[in-house]
Amino acid sequence: MTIARTIESYLKDNVVSYAVVEHPRSISSRQTAEAAHVPLRHIAKGVVLADEDGYLMAVIPGDRHVELNTLCKKLGRRLKLVDDTSMAPMFKDCEPGVIPPMGPAYNIETIVDESLIGRKSVCFSGGDHDRLICVDGRDFVRLLRPADYGQFSH
């Protein structure tokens, strides 16, 4: 598979230059960082949550985890992690289990952990388990401009 059409179009529509880093197939952020020779903290990952108000994508660095209680308090919501089978229809142009951290591209409400701001570059999955898309850190923030920001990971 190549870059998901949704992600490719989103990058093009926002006039963002990117590099594709191919790596051996991996299934976790840690494996991907090792395989691609990219620091784990420079990989952004998306975590999909939901409640009665709908879906929310939390975007965090690959070396962190969502502090669900902190996020729920910040947003005044009762969010829970969404399982892979429920997410499949949202990311139908991606391989199973891949969640590109570009919620706005998929029309998913998004919140970004502030620790991703100010990075020189950020890499993320673009739709499969063997390629990363790397963009300038300022472009990454610009791509997620409709999102909210906060501190909710550790």
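The values are calculated or read from the model by the stated rules, or taken from the named source; none is laboratory data. Please read all numbers here as calculations on a predicted model, not as lab measurements. Using ideal geometry, Cβ is built from the backbone for each residue, glycine included, and neighbour counts are taken over all protein chains shown.
Of the numbered conditions (1) surrounded by fewer than 17 Cβ atoms within 10 Å (Cβ to Cβ); (2) of a type outside the set (V, I, T); (3) in contact with a Cys (Cβ under 9 Å, 6 or more places away or on another chain), G54 satisfies every one except a single condition; which is it? With respect to (1) surrounded by fewer than 17 Cβ atoms within 10 Å (Cβ to Cβ); (2) of a type outside the set (V, I, T); (3) in contact with a Cys (Cβ under 9 Å, 6 or more places away or on another chain), G54 is out only on (3). Residues in the range 51-67 that are outside any loop (DSSP other than H, G, I, E, B), touching a residue at least 40 places away in the same chain (Cβ under 8 Å), of a type outside the set (V, I, T) and touching a strand residue (DSSP E or B) at 6+ places or on another chain (Cβ under 8 Å): Y55, L56, M57, A58, P61.
For D84, the criteria (1) modelled with pLDDT of 95 or more; (2) surrounded by 12 or more Cβ atoms within 10 Å (Cβ to Cβ); (3) farther than 15 Å from S125 by Cα hold in every case but one, which is (1). T2 meets the conditions (1) part of a loop (DSSP other than H, G, I, E, B); (2) closer than 25 Å to S115 by Cα; (3) of a type outside the set (F, W, Y) in every case but one. The failed one is (2). For the range 6-50, how many residues are hydroxyl-bearing (S, T, Y), touching a residue at least 60 places away in the same chain (Cβ under 8 Å) and assigned to a loop (DSSP other than H, G, I, E, B)? Qualifying residue count for the region: 3.
Do we find a residue being surrounded by fewer than 21 Cβ atoms within 10 Å (Cβ to Cβ) and aromatic (F, W, Y) anywhere in the range 98-107? No, every residue in the range 98-107 fails to be surrounded by fewer than 21 Cβ atoms within 10 Å (Cβ to Cβ) and aromatic (F, W, Y). From the list E67, E34, E109, the one residue that fits, being closer than 26 Å to Q151 by Cβ, in contact with a Ser or Thr (Cβ under 9 Å, 6 or more places away or on another chain) and among the acidic types (D, E), is E67.
Taken over the range 69-87, the criterion of being over 15 Å from the mean Cα position of the chain (by Cα), assigned to a loop (DSSP other than H, G, I, E, B) and aliphatic (A, V, I, L, M) is satisfied by L79 alone.
Okay, residues lined up against (1) within 21 Å of M90 (Cβ to Cβ); (2) in contact with a Leu (Cβ under 9 Å, 6 or more places away or on another chain); (3) among the hydroxyl-bearing types (S, T, Y):
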| site | (1), (2), (3) |
| --- | --- |
| R5 | yes, no, no |
| V15 | no, no, no |
| V20 | no, yes, no |
| H37 | no, no, no |
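Just so you know, in the range 116-136 the residues that are surrounded by fewer than 16 Cβ atoms within 10 Å (Cβ to Cβ) and within 28 Å of C72 (Cβ to Cβ) include one that is farthest from the chain's Cα centre (by Cα), and it is G118. For the range 95-154, residues that are over 16 Å from H23 (Cβ atoms), of a type in the set (F, W, Y) and not in a loop (DSSP other than H, G, I, E, B) total 3.
Given the criteria modelled with pLDDT under 95 and either loosely packed, with under 15 Cβ neighbours inside 10 Å or within 15 Å of C123 (Cα to Cα) (or both), does K45 qualify? Spelling it out, it is not the case that K45 is modelled with pLDDT under 95 and either loosely packed, with under 15 Cβ neighbours inside 10 Å or within 15 Å of C123 (Cα to Cα) (or both).
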